[in-house]
Ligand code: HEM
Ligand code: HEM
């Protein structure tokens, strides 16, 4: 049984957006005098797409609740089922927390005025504070690296079942 169509669409649209955000995020930092004019434009797009990603995840959750999802194959060993659940939950949790912390980071930064969202600026939810900025900057970075680690396990797991363990191929269900 395949995942419902809307869940598959959400999966691949968010996958493309998140990969873009990770690459852009790493490419545009560190923000210093040498790359400031260039990075300013990229920060605008990173923040706008980051907020969009957050909204998409909220819709994704809502949509997921409305559907019955296929069970993992019964032939999958227990420890692999457990690993798949932990990785999926971890990815979902980080898809919520990382943009929220990004928003706090952007709001608390001394020199920013409003959080860009394509054609408008959203209100800053935190007053300017160097300590809040430093902590949220640290968390946004390291949680993103943790996300990359989980994502690597997720992709390698899917490819392993696809190519080395065909009876448990799950990729087919999500494409
Ligand atoms: C799922 C969504 C997001 C992902 C995966 C993501 C990922 C990243 C990554 C990987 C970096 C580079 C970290 C480093 O190497 O220092 C970064 C930097 C940054 N992100 Fe995000 N981000 C997301 C959403 C957001 C949002 C919503 C905002 C703000 C509204 C935001 C604001 C920033 C800022 C300001 C930086 C630069 C930090 C610095 O200059 O040190 N991000 N992001
Ligand atoms: C940023 C990128 C990605 C994220 C955040 C992500 C996240 C997720 C999540 C949370 C699920 C669970 C679906 C649910 O129960 O609602 C899932 C399912 C799945 N993903 Fe990804 N994914 C990403 C990229 C990929 C890629 C590149 C592949 C292919 C190599 C892939 C293969 C799969 C497969 C096969 C499933 C279905 C697993 C099952 O049958 O239970 N994903 N993904």
Can you confirm whether residue 103 is closer than 23 Å to residue 18 by Cα, more than 16 Å from ligand 2 (Cβ to nearest atom), in a helix (DSSP H, G or I) and under 16 Å from the mean Cα position of the chain (by Cα)? yes
Residue satisfying all of: in the range 141-172; farther than 30 Å from residue 26 by Cα and loosely packed, with under 13 Cβ neighbours inside 10 Å; nearest to the chain's Cα centre (by Cα) among these: 172
Tally the residues that are exposed (fewer than 15 other Cβ atoms within 10 Å of the Cβ) and under 13 Å from the mean Cα position of the chain (by Cα), restricting the search to the range 69-95. 4
Name the pairs: first residue in the range 60-80 and closer than 17 Å to residue 165 by Cβ and assigned to a loop (DSSP other than H, G, I, E, B), second residue more than 8 Å from ligand 2 (Cβ to nearest atom) and modelled with pLDDT of 95 or more, Cβ to Cβ under 7 Å, at least 6 apart or on different chains? 72/81
Every residue from the range 150-175 that is under 19 Å from residue 90 (Cα atoms) and in contact (Cβ under 8 Å) with a residue 40 or more places away in the chain: 150, 151, 153, 154, 157, 170, 174
Conditions (1) assigned to a loop (DSSP other than H, G, I, E, B); (2) within 13 Å of ligand 2 (Cβ to nearest atom) -> residue 153 fails only (1)
Selection count, the range 96-118, where residues are surrounded by fewer than 19 Cβ atoms within 10 Å (Cβ to Cβ) and under 18 Å from residue 42 (Cα atoms): 6
Quick one: residue 113 ticks every box in (1) closer than 28 Å to residue 136 by Cβ; (2) at pLDDT below 95; (3) touching a helix residue (DSSP H, G or I) at 6+ places or on another chain (Cβ under 6 Å) except a single one, so which number is it? (3)
Could you please let me know if residue 62 is at pLDDT 95 or above and near ligand 2 (Cβ under 9 Å from one of its atoms)? no
Taking the range 1-25 and the residues there that are near ligand 1 (Cβ under 8 Å from one of its atoms) and in contact (Cβ under 8 Å) with a residue 60 or more places away in the chain, the one that is surrounded by the fewest Cβ atoms within 10 Å (Cβ to Cβ) would be 22
Looking only at the range 30-57, count every residue that is without any contact (Cβ under 8 Å) to a residue 12 or more places away in the chain and either surrounded by 15 or more Cβ atoms within 10 Å (Cβ to Cβ) or assigned to a helix (DSSP H, G or I) (or both) and tell me the total. 7
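The values are calculated or read from the model by the stated rules, or taken from the named source; none is laboratory data. No experiment lies behind these values; they were computed from the predicted model shown. With ideal geometry, Cβ positions are generated from the backbone for all residues, glycine too; neighbour counts draw on all protein chains shown.
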